[in-house]
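The values are calculated or read from the model by the stated rules, or taken from the named source; none is laboratory data. Given the structure is predicted, the values throughout are model-derived calculations rather than measurements. Backbone-built Cβ (ideal geometry, glycine too); neighbour counts: all protein chains shown. Protein only, heavy atoms only, side chains kept; ligands, DNA and RNA dropped before computing areas. Shrake-Rupley method; radii C 1.70, N 1.55, O 1.52, S 1.80 Å.
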Amino acid sequence: MAGWLATVVYGCVLFSAGGGLYVQYQQRFATLMSDRQARLQTGAEMIATSARIAAVEVDALAIAATMAITDRSAQPLPMLPDGPVGAGDDGGTMPMFQVPPGAGVSGRLTGRLHRDPDRAMVMAAEVAAVARIEPFMLQALRQLPEAAWIYYISDLGFLMLYPYGPSSQTRFHDDLLTGAVLTPARPAVNPTGRQFWTAPHDDAAGRVPVVTLVRPVLADDRFRGVIALDVTIAAIASMLRQIGTTAGTPMLVDDTGRIVATADAGSVGSSHAGGSVLPVAGQTAGQTIDAVWQAAGARGSFADTRAAGDDGTIRAANGMALFTRPIAGTPWTLVHGTDLRRTQASVLAMMWPEAVAALLLLSMLLALEVNRRTLRSLIRKRALLSARVNELAHAREDLARARDEAQAANHAKTAFLAHMSHELRTPLNAVIGMAEALKAQIFGPLVPKQMEYASDIANAGSHLLELINDLLDLARIEAGEATLDEEVVMVDDIVRPAIAMISARARKAGHVLHLMTPSRPVAISCDSRKLRQVLINLLTNAVKFTPDGGRISLVVRLMPDRSLTITVTDNGRGMALDEIPRALQPFRRIDSDPMVRRQEGAGLGLAIVSSFVALHDGIMQVNSTPGTGTSIAVHLPTTRVSAQ
């Protein structure tokens with residue numbers, strides 16, 4: 001129950017934290033969009049205000065020019081020759097002229113003379129009349145810092161330009177009469193005489209790309225020329241940069257879909273830009289807004305998307321956050337677009353402190369849950385461990401009882417064997433003695449059959465006595481009562497009697513018995529009876545388990561470290577590696593070989609040898625290979641050996 005309750009609490013906390021982050025994300029995203037929309041709307045108003053001021057000033061200049069031309073009271077101005085001759089109105093060549101600065105004109109006033117006197121007189125009157133609006137032009141320049149040039153182009157073939165430009169490109173040239181400013185203003189193209197903005201083109205000096213606000217001048221019901229105001233694309237770009245959006249590029253797009261200016265590059269279609277559009281946010285010159293729109297990853301055309309809403313608000317459109325707003329009094333629309341996913345990602349990136357706090361909260365909850373689960377696991381394991389300890393305590397008590405019972409049974413067995421062995425030895429010695437007396441024919445001669453029976457009785461009694469002695473030794477060893485009656489004896493006094501006792505049996509089996517002892521006398525401290533029993537048991541096993549005609553050796557070596565090694569080797573059947581541990585256990589025989597099964601014995605020989613060697617602080621080492629033979633070495637430590 002506690003686990004479910006903790007899970008519910010953690011879930012509620014995580015849900016609250018996640019919901020809070022989501023609400024905060026929505027608020028930040030809305031704030032970002034609102035701030036961006038406000039900046040863009042302010043920028044659109046700023047550009048629209050500048051356009052309205054420019055329109056008012058140009059209208060005022062056009063009205064002033066009309067009034068000056070129709071007044072006809074202006075004094076003529078000096079028109080001095082200037083530059084090469086060109087084509088006149090009659091197909092001939094006519095020189096250029098200029099009105100020198102200071103003669104009532106501070107701007108650049110240049111044109112081409114006419115051969116026809118009447119036409120030349122009309123031009124001179126118009127030049128003098130238009131020069132009278134110079135104060136208005138200078139005032140317009142002061143009112144419009146974005147304006148590069150303000151000028152009047154006459155259909156008669158002259159140009160009045162402010163501010164003054166000394167370059168040869170700032171004077172009148174014949175291309176102005178058919179250029180992008182004058183041609184669209186003619187009555188055939190613009191019959192209503194409305195004011196308009198041109199597409200981007202080179203300025204009057206041919207230096208920078210501009211857009212031009214044009215106002216036709218009509219006087220006496222006749223088209224006389226235009227008042228024009230050039231605004232550089234760089235100035236428009238500067239206004240776009242003042243919007244100050246942190247993402248995306250504000251841009252002006254005209255009615256034909258061409259990009260007029262951007263906050264990034266700021267110049268567009270002109271001979272200097274290399275096309276109709278300068279690079280926009282990494283795009284190449286000459287592209288339209290549709291090209292930029294599609295390159296940004298949006299689907300469909302920009303015109304279709306714009307048609308869905310053009311109210312000056314940011315809206316989601318084809319995966320973009322799009323803002324569009326027409327600039328009043330111009331053919332332009334302020335456009336701003338950003339990838340909606342990137343904008344959302346930027347908002348999320350700004351929320352990293354909250355995300356870190358949420359992660360820390362999550363980490364704390366996870367740590368608490370891990371700690372709770374660990375504590376529960378520890379409590380559960382402690383209970384299991386306590387139960388296990390109790391089980392082990394009961395098992396230990398059971399084992400102690402079983403051990404005590406086994407020890408009691410073992411002691412009873414040992415006592416029984418010892419008692420029975422003593423009880424059996426007395427009558428057995430009598431049987432052996434009587435059999436030996438019969439064999440010696442003390443009580444009279446025996447027939448051969450009786451002699452054979454007496455020998456069998458003596459041999460059987462001797463074997464049984466050996467077995468009883470082995471049982472007594474094993475009982476003492478298991479009871480921990482085996483001790484050493486130590487004395488210092490010569491090695492030969494132990495080895496040779498053992499050889500003598502086994503030699504008759506070895507000769508009977510046809511074995512070759514070999515003995516090798518050290519060349520100098522060696523004395524050892526030992527229980528001579530037990531050590532002799534060790535050698536007799538090893539030699540007896542070698543004789544029993546070696547086929548007839550085998551070779552048996554007993555080698556005694558004094559090692560370099562003054563220890564003593566006694567080795568009994570035979571070439572009998574041998575033992576496998578896994579058979580050796582069994583052969584060292586009491587009452588265990590290797591019965592897999594028929595030869596072993598035929599031999600007498602209870603399987604006590606090697607067990608008694610191993611115990612007697614251990615009593616002497618020695619080590620017994622068994623090496624055996626099936627079919628090759630067995631070598632058993634007894635190592636006695638240097639503390640028991642003294643060489644003479």
Among the numbered criteria (1) part of a loop (DSSP other than H, G, I, E, B); (2) of a type outside the set (A, V, I, L, M, F, W, C); (3) surrounded by 15 or more Cβ atoms within 10 Å (Cβ to Cβ); (4) modelled with pLDDT of 85 or more, which single criterion is violated by HIS635? (1)
Checked region 67-82 for anything open to solvent by 40 Å² or more (accessible area, probe 1.4 Å) and β-branched (Val, Ile, Thr); matches are THR70
Would you say ILE150 is in contact with a helix residue (DSSP H, G or I) (Cβ under 6 Å, 6 or more places away or on another chain), among the aliphatic types (A, V, I, L, M), more than 19 Å from GLN75 (Cβ to Cβ) and modelled with pLDDT of 90 or more? yes
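Here's the yes/no breakdown for (1) modelled with pLDDT of 90 or more; (2) among the β-branched types (Val, Ile, Thr); (3) surrounded by fewer than 21 Cβ atoms within 10 Å (Cβ to Cβ):
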position	(1), (2), (3)
ALA205	no, no, yes
THR245	no, yes, yes
ALA263	no, no, no
SER276	no, no, yes
Restricting attention to region 586-627, which residues are open to solvent by 60 Å² or more (accessible area, probe 1.4 Å), modelled with pLDDT of 85 or more and out of contact with any strand residue (DSSP E or B) (no Cβ under 6 Å at 6 or more places or on another chain)? ALA614, ASP617, THR625, PRO626, GLY627
Just name the residue that is farthest from TYR162 (Cα to Cα) out of those in region 83-100 that are modelled with pLDDT under 75, not in a loop (DSSP other than H, G, I, E, B) and not hydrophobic (A, V, I, L, M, F, W, C). THR93
Within region 510-529, residues open to solvent by 20 Å² or more (accessible area, probe 1.4 Å) and either under 25 Å from ALA607 (Cα atoms) or outside any loop (DSSP other than H, G, I, E, B) (or both) come out as VAL512, LEU513, HIS514, LEU515, MET516, SER525, ARG529
Number of positions in region 218-240 that are at pLDDT 90 or above and charged (D, E, K, R): 3
Within region 168-197, which residues are modelled with pLDDT of 90 or more, open to solvent by 60 Å² or more (accessible area, probe 1.4 Å) and not hydroxyl-bearing (Ser, Thr, Tyr)? ARG186, PRO187, ALA188, VAL189, PRO191, ARG194
Considering only region 333-345, I want to know if a residue exists there that is in contact (Cβ under 8 Å) with a residue 60 or more places away in the chain, open to solvent by 80 Å² or more (accessible area, probe 1.4 Å) and of a type outside the set (S, T, N, Q). yes
Out of the residues in region 124-166 that are open to solvent by less than 10 Å² (accessible area, probe 1.4 Å) and assigned to a loop (DSSP other than H, G, I, E, B), state the one that is nearest to ALA54 (Cα to Cα). LEU144
Restricting region 380-413 to residues that are without any contact (Cβ under 8 Å) to a residue 24 or more places away in the chain and of a type in the set (S, T, N, Q), the residue that is least open to solvent (accessible area, probe 1.4 Å): SER386
State all residues of region 537-569 that are within 22 Å of PRO637 (Cα to Cα), open to solvent by 30 Å² or more (accessible area, probe 1.4 Å) and not in a strand (DSSP E or B); if no residue qualifies, say none. MET559, PRO560, ASP561, ARG562
When only residues in region 207-243 that are in contact with a Lys or Arg (Cβ under 7 Å, 6 or more places away or on another chain) and assigned to a strand (DSSP E or B) count, which is most open to solvent (accessible area, probe 1.4 Å)? LEU218
